Each structure stands twice: as structure tokens, then as C-alpha cells.
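Below is one structure, written out as C-alpha cells, with a few remarks after it.
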Amino acid sequence: MNIVGISAFYHDSSCCLLRDGRLVAAASEERFSRRKHDPGTPAEAFAFCLRQAGLSLADLDAVAYYEEPRHKLARQLWAGVPQAPEEGDAAWSRDLAWLDADLAEDTLRRRLGFDAPFLTFPHHLSHAASSYAFSGFDDAAVLTVDGVGEWATTSYGQASGDAIDLFEEVRFPHSLGLLYATVTAYLGFRVNGGEYKVMGLAPYGQPRFIDQICQLVGMGDDGQFALNLRYFDFLTGRRMFSPELCELFGQPARPAESAIEPFHRDVARSLQLVLEEILLEKVAYLHRRVGSQNLCLAGGVALNCVANGRIHREGPFRHLFVQPAAGDAGGCLGAAVLAHQKLTHRSARQSLPHVALGPSFSLHEIGLLLRDTEIEPEDFSDRPQHLADAVAERLAARRTVAWFQGAMEFGPRALGQRSILANPLDPEIRRRLNRDVKKREAFRPFAPCVLADQAHLHFRLSQASPFMLETCTVESPLALPGITHVDGSARPQTVDGAVLPHLAAVLRAFEAQTGCPLLVNTSFNLRGEPIVCTPFDALSCFARSSLDTLVMEGFLIDRQQLPSHWPELLEHWQGADSRRRDISRQLYTFV
């Protein structure tokens, strides 16, 4: 039984493939198109999934879609068609075409070429299944929180065996995801992408605006809450927020890319704190309804790792699982699982030890690319321990290393397949990475990866954290300025040597040289770009950055080995790439 799951036409379009109920491939279209948060037809991701499983179109038994287009259309018609925003009018007009409820299936069939049955599932049920089915739990309470699906914005459920019952929901326009997105836009960041910046900015501020944030959202009985729509304009306006919101805070919205003042930090802190308190209250309600000790989270809000950490530490559930691609990208996983169970009446539940589900490239393929580009790397392909020692030596010398190993990760986190590694003992590494390498805001934190058996010596963690989806307090005998946020927290990835042997070898080698068993681990990309996918993407990103070393499988390249004309050639190629477009930064894309 071969089933493709698809999430598309909103943001982060993605595909996965289940073969006899086992997950064998998953990837987001942005990694192939190089268009961040690409919402279009996931043609390249679809083709990759088929190639990875060795399938043709004729081998597909079903294609599963992550939402119900007709129910979504009912909500869109109820809300009314928004006016086109001032910027991106052409993209907006294109998106309005999706008001035809049959167009999703028609477009996917026409562009992808499949003739298999097309099954659709409710958006929040797809989210719920994407978490529970891969949690390894036999039963769980389930909470899904996002901007909006068809109508639901928050869903409460219980799962046992292969059954998931979503017994309560909060309906559009009342949404914690839209609350957070609205304040994100007010603070001058891009919606559907800048929310994590607000989360990172929050610890720099003081919660001076709790009362104002609480005027935006009111608590209801049980799992309910409601937005005060006076302050929001996402239904029919050109922006997320109304003029009344600016009056409430006493300042106009921050222009994009302008200076971040203490006021903006304080608003971010207040928003983050209110979100956490609401989620803790609703998780407590869910626990009263569902007796399980296990909690599964999904939906875009479940990517808020600070809130996840508080839910795990302070909430009533003993065990927490957050699906690594918790946003809309991961909806394809849940849809595929639901389709498999519907068609076969067999379980597709499984544990998820890793998310290395994307493309991988052989030494031969990488070697051919390097030969054609006149680069002569050092070849460690038959000496893996020597490679680990060489990388650790460079890291100990406070050099930065781009790390390209194995199959690309699925989801927004770099987890040791497409990473940038650095020395967490270096007090200058955060400034250098943000300013010179990632080319992004100075307040942004960096996460660590740590050997799993030593994590407890450096972090207050109660369980393994292989997917970097929970923050905790740094409690280490070492000074770790590279990974410790301003509030003393970090978002660690625990590394199991059986799952990530190459990264674990580097960590062990670095520990042998420095006494420190952890490293900075951030995503291998530049600001505004998706994480690299192919060896060419990696080489391009390396050449355009100030990274010191690139490792691709067994090949090691130091910056001085790049031909002198390469950066200019790549800069020209990047400027000519007409596919680099982003969705509107000012308005949540409902359609």
C-alpha cells in the first residue's frame, strides 16, 4: 500500500510517502524551489518521494490531502474575500483562485499526474494524527493549536489505539495563532515566519503590557477563548491589526527592519507570557478531560518551544511529544496515516527516531560536483574518525563549520544533517554567527546539540529532546555563552550516537579536545533562504557566507580552497533566480 500525503496551497507545501504504513520519505517544496515557505504545488517534493521509494505514478494506491477544501471554502465565504494588500497584489489575486473548492484536487492531479483516489481529511485531525501516530504512545491527550484550518483554530482530543476523537474546538476567527501573528505583524516581523523572532526577542523585555495583551483575548469556559475583534483586521483589511491596537499600546506599528526599542521587547515578552499562561490553563483542562499521562501537540503554535518547555515542566502531563514538523508542513504526515488506516484497517502508528527523510547524495555525486568546480577537497571518506578529529580541531580553534551529512531533515529545525556547527565556549560566536554568517538580527539565539548521555550534566531536561522543540534551563559547570540565551535558557538537541553517528563522533572528538560535549547547532542557510538541500545549495551558501569550513559527507573544504572567482559567480546566479519570492509579510494568508 503506497500512499502520498500532501499539504499545499497555504504555506510550507510538503509531501510524504507511507509504504505499508511505514514513513519512508518526506520533504517540503521550499527546499527544492529555494522559495522560503513555498505554498505552491509540491511537484519536486512529490517527485522526490516517488524516487526515494522506487515508485512510479501507477504504483500509488491513494493521495491524501491534509484538509477539507469545501469546509474551508465555507469559512472563506463566511469571512468574505479580503481586499488585496498594498504589496503582493499579483500573488493575492493568484491565491484567490483557491476559493474554488475543487481546484486543489484538480490542480494536484493535473500538475502531478497521478490517477489514484484522492482522499481529504479535516485539517486539525491531520495535525492530531501527525503527532499521535509518530509519538510511540499507546494513548494520549491531543492538543492542536494553529492559525486556522477549515474552521477550527484549537482542538482538544483523546487518542487510544488507532482512534482519535477531537471532542472540542475553538472556531475561527478566535485563534491563538492569529493573536500571535497579529502582534508579530505589529512588531514589524513577517507573519507566517517571523513569530519565532518574537519568541526569541521576548526574554530581552519586561512584561509591562500584560493588561493590554489580555484585552486582546478573553478566557471562556473549558477549552474556549475569544479574541476581541475590535483590535484585529485580518478578516477584511489590509493588515492583521486595526488602528485600535496601535491606540491600545500607545505607539504605531514598528516599520520592518527598523530599530528594535525596549518597547518592542516588552510587547514581545508580554505576548509570549500570556500565550504560555493560556496554554497552561487549557492543558490543565485537557488533562481533567483525558486521564492519560501523555500529551501530543501539533499545529504551528506547537513550534513555540518556550511554551512547550513550560507545558512539560509545569503542566499535568508526564510525557510530551511534539511532532517535529508541527506546522502545516507536517499535516501531510497525518493525512497519509489517516488514509492508510481508512483503506487498510491497519495501524500506521510508529515511533520517530529521526526526521532524516529527505534527499541524500553519494560521495560519487558530491565528488563529481567538486571536480567540475575546480575545488580540491581533503578526502576523509575512508577515515571517519580522522574527519571527526579534523572538524573538532577547527571548532576548538573557534572556526565555523557547515555540516552536510546524510538525508535532509523534514521540518524547520537543522538536526545534524544540514547544520552549521560552532564552538559554544566562544563568547563572540553568537555575534559573529548572527552578523557575519547568518546575516540576521543580533538578538536571535542559537541552539546546542549535546551527547544524549551527558545532557543531564548541562541542562535541566527530564527526557530526551532529539528534535529541538523544548527550551530548558542551562545548568552546566561550563560557561556556554554561545548557546545560553539572555534568560539562562537553551533549546537543546540530544544526540544519540546510534541515530546520528557522524555528529556524535564530532561531539566526542570536541569533548576530547576541549572538555565540552556540546556544540552550537544552527540551520545551514542564510537569512531569507530555506535550509540547503543539495550539494550545490551547500556550496553556494558556503561561498556566499563567511563560514570557515564546509564538510559534505567525507569531503572537507576550507575557505581558502575556494577559487577566487566563485563568490562573484554565485552572487550573479543568485541575483538571476526569479523564483525567490516570499508570501506577503503583512497579512496572514488564509486562502
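Only the coordinates and a few stated rules stand behind these numbers; no lab work does. These figures come from a predicted structure and were not determined experimentally. Methodologically, a virtual Cβ is constructed for each residue, glycine included, from the backbone with ideal geometry; neighbour enumeration extends over all protein chains shown.
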| message | Under 4 °C and 1.567 mPa s, how fast does the stretch 371-495 diffuse according to Stokes-Einstein, given a Kirkwood radius computed over C-alpha pairs? Answer in µm²/s, whole number. | response | 82 µm²/s
| query | So what is the relative contact order of the stretch 363-575, in percent, for Cα pairs below 8 Å that sit 6 or more residues apart? | reply | 30 percent
| request: For the stretch 176-322, count the residues as N, evaluate 2.2 N^0.38 Å, and divide the Cα radius of gyration by that value, please. | output: 1.06
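Taking R0 as 30 Å, what FRET efficiency do you get between Gln206 and Leu280 from their Cβ-Cβ distance, rounded to the nearest 0.05?
Working: r = 20 Å, r/R0 = 0.68.
That gives a FRET efficiency of 0.90.
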| request: Would you mind listing how long the stretch 321-424 runs along its three principal axes, going by Cα atoms, in whole Å with the largest first? | output: 53, 34, 24
| request: Given the peptides 442-452, 466-476, 139-149, arrange them by the average over their residues of other C-beta atoms within 10 Å, most packed first. | output: 139-149, 442-452, 466-476
| task | Search the structure for amide H atoms under 5 Å from the amide H of Ser523, placed 1.01 Å from N in the peptide plane, and list their residues when 5 or more places away or on another chain. | result | Ala414, Ile420
| Full extension from Ala498 to Arg460: what is 0.36 nm times the residue separation minus their Cα-Cα distance, to one decimal in nm? | 11.4 nm
| query | Based only on Cα atoms, what Rg/Rh ratio does the stretch 254-375 have, Rh being taken as Kirkwood's radius? | reply | 1.14
| field | Extended-chain gain in nm, criterion 0.36 nm per residue less alpha-carbon gap, Ser160 and Tyr196 | value | 9.7 nm
| query | Put a dot 7 Å past each Cα toward the Cβ at Gln350 and His287; how far apart are the dots in nm? | reply | 3.2 nm
| request: Please report the orientation-averaged projected area of the stretch 347-390, defined via the convex hull of its C-alpha atoms, in nm². | output: 5.2 nm²
| query | Around Glu376, what is the net charge, scoring Lys/Arg as +1 and Asp/Glu as -1 over all other residues with Cβ under 14 Å from its Cβ? | reply | -3
| message | Filter Lys36/Lys342; Lys72/Lys197; Lys197/Lys438; Lys36/Lys197 down to the pairs with a C-alpha to C-alpha distance above 25 Å, please. | response | Lys36/Lys342; Lys72/Lys197
| Can you list the residues of the stretch 162-192 with backbone N under 15 Å from a point 7 Å past the Cα of Asn228, pointing along Cα to Cβ? | 179, 183
| Taking a ≥ b ≥ c as the square roots of the eigenvalues of the Cα gyration tensor of the stretch 311-372, is the shape rounded (a/c under 1.5), prolate (a/b larger than b/c) or oblate? | oblate
| Using the beta-carbon distance between Leu57 and Arg110 and R0 = 22 Å, what value does 1/(1 + (r/R0)^6) give for FRET efficiency, to the nearest 0.05? | 0.95
| message | 7 Å from Cα along Cα→Cβ at both Cys214 and Ser258: what's the point-to-point distance in nm? | response | 2.9 nm
| field | Taking the chain and dividing mean pair separation by its residue count, relative contact order in percent (alpha carbons under 8 Å, at least six apart) | value | 18 percent
| query | Between Ala512 and Gln561, what length comes free when the chain is fully extended (0.36 nm per residue of separation minus the Cα-Cα distance, one decimal in nm)? | reply | 14.9 nm
| request: For the stretch 363-575, report the translational diffusion coefficient in µm²/s to the nearest whole number, using Stokes-Einstein at 10 °C, 1.306 mPa s, and a Kirkwood Rh over Cα pairs. | output: 92 µm²/s
| Quarter of Cα convex hull surface for the chain, i.e. mean projection, nm² | 24.5 nm²
| Near Gln405, within a Cβ-to-Cβ distance under 12 Å, what is the net charge of the other residues, with Lys and Arg +1 and Asp and Glu -1? | -1
